[in-house]
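Here the structure is laid out as structure tokens; the discussion comes afterwards.
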Amino acid sequence: MTPLEKAGVLVEALPYIKKFYGKTVVIKYGGHAMINDQLKQAVVTDLVLMKFVGIHPVVVHGGGPEITGMLKRLGIESQFVGGLRVTDSPTMEVVEMVLGKLNKEITSLINRLGGRGVGLSGKDANLIIAAKKLGGEQQDIGFVGEVTEINPGLVETVLKEGYIPIISPVGVGRDGESYNINADYVAGAMAKALKADKLIILTDVEGILENRHDPSSLLSTIKVQDIPALVDRGVLQGGMLPKVDCCVEAIRGGVNSTHILDGRVPHSILLEVFTDQGIGTMVAP
Ligand SMILES: Nc1ncnc2c1ncn2[C@@H]1O[C@H](COP(=O)(O)OP(=O)(O)O)[C@@H](O)[C@H]1O
Ligand SMILES: CC(=O)N[C@@H](CCC(=O)OP(=O)(O)O)C(=O)O
């Protein structure tokens with residue numbers, strides 16, 4: 001690329017920088033999108049770049065595959081009910097340990113790349129208040145939580161001071177217990193509470209596919225009112241359901257745009273925020 005072409009790329013980004021300057025963007029970084037160090041570096045570079053051009057990224061991370069891996073090493077088989085991990089007391093201990101480690105890994109990587117990352121859990125300053133969630137048929141699935149309240153003050157302060165907050169999906173109950181919450185739900189609730197402009201969910205598929213086995217069947221936009229039919233037709237299943245739910249919650253809470261993107265594509269966040277390329281699926285009001 002010639003120097004002039006390079007300048008052209010920067011100029012092309014200007015309308016987007018102006019549009020999002022000073023705005024908050026919540027990014028859900030899922031376990032399946034954290035597949036290798038090179039990709040992690042690309043994601044984190046995007047976050048640092050956003051911050052330096054005046055946009056406020058907030059990261060909510062998952063870690064499902066890593067939790068499953070550690071439980072396996074400890075001889076504990078994972079069980080899921082409706083996509084949620086059945087979480088007894090020893091499992092909760094492992095969940096907090098693994099998420100804590102991942103949280104600090106992402107934080108350190110941001111700091112190494114010149115950003116100022118601050119790792120938080122939902123327990124810090126009562127950021128995420130949770131209540132016990134029951135399984136689909138009202139069964140007891142242990143310390144699985146649902147978000148009942150977000151106290152965003154700490155995150156807002158940290159953002160204003162120029163830091164990038166990285167949040168792990170562990171909530172605290174009114175009973176003082178720790179609760180394991182699906183990270184998608186935390187991202188949706190956080191986007192709403194922070195009045196974010198955009199919610200981006202990074203995952204390990206191209207976006208929402210009409211046929212899960214055919215990457216060319218990507219739906220580039222789906223409307224909230226079309227979702228029940230997509231669920232009835234069996235298009236939306238498993239891990240995609242909480243993502244779509246969380247986009248809907250965010251939209252109803254005033255978030256302007258929500259996107260499900262392929263975290264395996266390097267710099268997918270930059271492509272979404274700073275270009276006109278319609279990558280992934282936009283869930284639209
Ligand atoms: N219509 C669909 N299009 C794409 N993926 C789908 C669809 N329905 C269900 N899925 C599943 O959802 C998965 C993403 O959810 P999940 O595994 O929980 O990801 P993450 O760890 O990133 O949160 C995909 O890998 C795919 O198996
Ligand atoms: C209750 C529940 O299932 N919690 C999730 C929390 C981590 C998560 O959501 O990670 P991903 O985004 O990578 O799937 C779990 O234990 O796996």
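Read-outs throughout are calculated quantities, based only on the coordinates presented, and are distinct from any laboratory measurement. The shown structure was predicted, so the numbers you read here are calculated from the model rather than taken from an experiment. All Cβ positions, glycine included, derive from the backbone under ideal geometry; neighbour counts span all protein chains shown.
Counting pairs of alpha carbon atoms under 8 Å apart in space and at least six apart in sequence, what relative contact order in percent does the chain give?
22 percent
Cβ under 12 Å from Gly31's Cβ, Gly31 left aside: what net charge do those residues give with Lys, Arg +1 and Asp, Glu -1?
Local net charge: 0.
If the cut-off is 23 Å between C-alpha atoms, which lysines fall inside it for Lys132, apart from same-chain ones fewer than 8 positions away?
Within the straight-line limit of under 23 Å, Lys132 reaches these lysines: Lys28, Lys123, Lys192, Lys243.
Helix 3-20 sits at what angle to the longest principal axis of the chain, using alpha carbons and giving 0 to 90 degrees rounded to 10?
Taking the Cα atoms of the chain, the angle to 3-20 is about 50 degrees.
Quick one: which residues, 5+ away or cross-chain, put their amide H under 5 Å from the amide H of Thr258? H built at 1.01 Å from N.
Leu199, Val283
To the nearest whole percent, what portion of all C-alpha pairs in region 1-65 is separated by more than 19 angstrom?
Pairs farther apart than 19 Å: 46 percent.
Please give the helix 240-252 orientation as an angle from the longest Cα principal axis of the chain, in degrees from 0 to 90, rounded to the nearest 10.
Value to nearest ten degrees: 70.
With Cβ to Cβ distances under 11 Å as the rule, what net charge do the other residues near Ser268 carry (K, R +1; D, E -1)?
Result for the local shell: -3.
With θ set to phi - 60°, apply the Karplus curve 6.51 cos²θ - 1.76 cosθ + 1.60 along region 153-163 and write out the HN-Hα couplings as whole Hz, x wherever there is a Gly or Pro.
x, 4, 5, 4, 5, 4, 5, 4, 7, x, 9
Could you work out the mean projected area of the convex hull around the alpha carbons of the chain, in square nanometres to one decimal?
Taking a quarter of the hull surface, the average projection is 15.3 nm².
Before rounding to the nearest 500, sum -39500 (n - 2.57) across all DSSP H runs of length at least 4 in the chain and divide by the residue total; then give [θ] at 222 nm in deg cm²/dmol. It would help to have the intermediate numbers written out before the result.
Numbers: 9 runs with 113 residues, N = 285.
The per-residue figure over the chain is -12500 deg cm²/dmol.
Rounded to the nearest Å, what's the spacing between the alpha carbon centres of region 102-180 and region 205-224? Just the number, please.
What the calculation gives is 29 Å, centre to centre.
What is the local net charge at Gly22, summed over the other residues whose Cβ is closer than 11 Å to its Cβ (Lys, Arg +1; Asp, Glu -1)? Kindly include the intermediate steps, with their values, before the conclusion.
Working: positive: Lys18, Lys19, Lys23, Lys160; negative: Asp197.
In short, +3.
Tell me the angle of helix 89-112 to the major Cα principal axis of the chain, expressed in degrees between 0 and 90 and rounded to the nearest ten.
Long axis of 89-112 versus the principal axis of the chain: about 20 degrees.
Can you sort Phe80, Phe143, Phe52 so the residue with the fewest Cβ neighbours within 10 Å comes first?
On the way: Phe80 14, Phe143 25, Phe52 11.
Neighbour counts put them in this order, fewest first: Phe52, Phe80, Phe143.
Given Cα positions, please report Rg to Rh for region 1-127, the hydrodynamic radius being the Kirkwood one.
Numbers: Rg = 18.2 Å, Rh = 16.9 Å.
Rg/Rh for region 1-127 comes to 1.08.
Can you give me the long-range amide H partners of Val118? Hydrogens built in the peptide plane at 1.01 Å from N, cutoff under 5 Å, separation of 5 or more residues or another chain.
Under 5 Å from the amide H of Val118: Ile164, Ile166.
If amide H atoms are built 1.01 Å from N in the plane of the peptide, which residues on other chains or at least 5 residues away come under 5 Å of the amide H of Ile27?
Val58, Val59, Val60, Ile200
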